[in-house]
Amino acid sequence: VLPPLIKPPACILIDLEEEQREKEKEEKRQELTFSYTVEELKEKIPSKKLMLGFLKIGLEMKTVTEGNLKIPFIIDFFDVIEEKEQSVWYASNQYNVTFVLVFLKEKKKRMPISEWKEFLVKEMRGNQIFMDVKKTKEMEKLDYICYETPSGKGTFYNITFQLNEEKGYFVGTFGCDQKQKETMGVLLEAMVQQINDDRKEEGGNHSGSDYL
C-alpha cells in the first residue's frame, strides 16, 4: 500500500518559487559582462563613489606608512587591515582583492622598466611562480607592471608598482581574481595612476609610456 500523497503547504511552495526566481535572477546577472577603461574610472575617483558592475564603491584618499604615501582606499570593503610604519596590508576575502605596500627608508636608483620586469620575473621564477606579464607602463613618478600568476584559488591578476623618492622607496601590489580583470582590475590600475598623479605635483621625472 502506497503512503498517502502529502501536499506541501502553500507557504512552502511560495518560498520555493521565490528562491527559484532569485536563483534565476542571480544567474542572469552573472551572465552580464561589464568592461571599463582606466581613464573613465580614474575620472570618477575624485567623486569618491562609483558603480563597478552591480557593486557600489566608496573611496577616500588615505595616507599610509611613515613615507606618507597617499592612496585611494575603498571604504567598508576590506576585512583584513594591517597598517604599520613601513608596510600596509589590506584584504577582502569576500571580493578576493588584496593590497600590499612596503616602504624602505633608502633611496634606490630608478631601474629601467624593462630591467625591473626581468628582475621580477626572475624573482618569481626562483619562488616557483610563473609571471605572465600583460602590460608595463612608465609614468612621471612611478612605474607599474600588470601580470597574472597562478594561485590556490585560480589565476590572480596583479598590478605591482615602484616609486622612488628622496625619502625612500615604495613597492606595492594590488591584486584581484582574474575573472574581475575587466572590472576590479581596471579600477585597481586607475588607483595606481591616481597615486602617480598625486605625487606628480612635486615634479615629474619623465613622460609616461606603455609597453607590451
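The values are calculated or read from the model by the stated rules, or taken from the named source; none is laboratory data. Since the structure is predicted, the reported quantities are computational estimates derived from the model, not experimental observations. Heads up, the Cβs are rebuilt from the backbone with ideal geometry, glycines too, and the neighbour counts pull from every protein chain shown. Protein only, heavy atoms only, side chains kept; ligands, DNA and RNA dropped before computing areas. Shrake-Rupley method; radii C 1.70, N 1.55, O 1.52, S 1.80 Å.
Listing for the model above:
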| quantity | calculated |
| --- | --- |
| Probe 1.4 Å, all protein chains present, accessible-area order of Thr63, Thr37, largest first | Thr63, Thr37 |
| Alpha carbon centroid spacing (whole Å) that separates segment 60-79 from segment 126-189 | 17 |
| Simple spin-label estimate for Glu39 and Val102 in nanometres, 7 Å along Cα-Cβ | 3.6 |
| Net charge over other residues, Cβ less than 14 angstrom from the Cβ of Phe119 (K, R count +1; D, E count -1) | +2 |
| Sequence of Trp116, Trp89 from largest to smallest accessible area, 1.4 Å probe | Trp89, Trp116 |
| Out-of-range pairs (alpha-carbon distance over 24 Å; input Lys49/Lys70; Lys49/Lys179; Lys42/Lys153; Lys48/Lys117; Lys42/Lys62; Lys105/Lys181) | Lys42/Lys153; Lys48/Lys117; Lys105/Lys181 |
| Glu123 paired with Glu60, simple spin-label distance in nm, labels 7 Å along Cα-to-beta-carbon | 3.1 |
| Probe 1.4 Å, all protein chains present, accessible-area order of Arg125, Arg110, largest first | Arg125, Arg110 |
| Computed accessible area, Lys108, all protein chains, 1.4 angstrom probe, square angstrom | 80 |
| Environment charge of Val100, counting only residues whose C-beta is closer than 13 Å and scoring Lys/Arg +1, Asp/Glu -1 | -1 |
| Counted charge near Asn164, where neighbours are those whose Cβ lies closer than 11 Å (Asp, Glu -1; Lys, Arg +1) | +3 |
| Per residue accessible area in Å² of segment 73-202, where ligands, DNA and RNA are left out and the probe is 1.4 Å | 50 |
| Inter-site label distance for Lys153 and Phe130 at 7 Å from Cα along Cβ, in nm | 2.2 |
| Cα gyration tensor shape of segment 45-89, rounded if a/c is under 1.5, else prolate or oblate by comparing a/b with b/c | oblate |
| Calculated FRET value between Gln86 and Glu201, using beta carbons and R₀ = 25 Å, to 0.05 | 0.55 |
